[in-house]
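Data first, discussion second: the structure below is written as structure tokens.
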Amino acid sequence: KSLAHVHLRRPSSNFAETLPTEMSERIFGELDTESLCSAALTCRLWHDIIEESEQVWRNQCSLVSAVCQREVDSDRRDGLSWKVTLVKNYTRSQELRGRKMTPLDAETWGEILQAELDR
């Protein structure tokens, strides 16, 4: 064979092509929610790994459940996937995180209690 027939294989610059899927999931699991959604738009392989990984979405839900634990628990009891649970509760958790904590007077506590009882 001549050297003209030898095809040199260039190493892939896409880590997900060379790593086991579980390793790619661990890497994607370290991203914040916005970065994860952007990564899913990068290429078909990344999209498929991210979309199909319950572990990636479970990691994201742990951040949301810190603010919306009851809602996340309820959605999981209802059989919703981690991704659907995240999508359902993400906006609410961001709104709650953005609120400033202020001391509450008795009237405000009463309003909160009434709202919870009405739920």
Kindly report, to the nearest 10 Å², the accessible surface of ARG92 as traced by a 1.4 Å probe over protein heavy atoms only. 90 Å²
Calculated FRET efficiency for the pair PHE15/SER81, C-beta based, R₀ 30 Å, to 0.05: 0.75
Per-residue HN-Hα couplings for region 81-88 [Karplus 6.51, -1.76, 1.60; θ = phi - 60°; Hz; x = Gly/Pro]: 5, 4, 5, 4, 4, 5, 4, 5
Just flag the GluC sites (Glu not before Pro) in region 29-63 sitting in loop per DSSP whose Cβ has no more than 15 other Cβ atoms within 10 Å. GLU30
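The values are calculated or read from the model by the stated rules, or taken from the named source; none is laboratory data. Not measured: the values here are computed from a predicted model. All Cβ positions, glycine included, derive from the backbone under ideal geometry; neighbour counts span all protein chains shown. Ligands, DNA and RNA are excluded from the accessible area calculation, which covers all protein heavy atoms including side chains. Shrake-Rupley method; radii C 1.70, N 1.55, O 1.52, S 1.80 Å.
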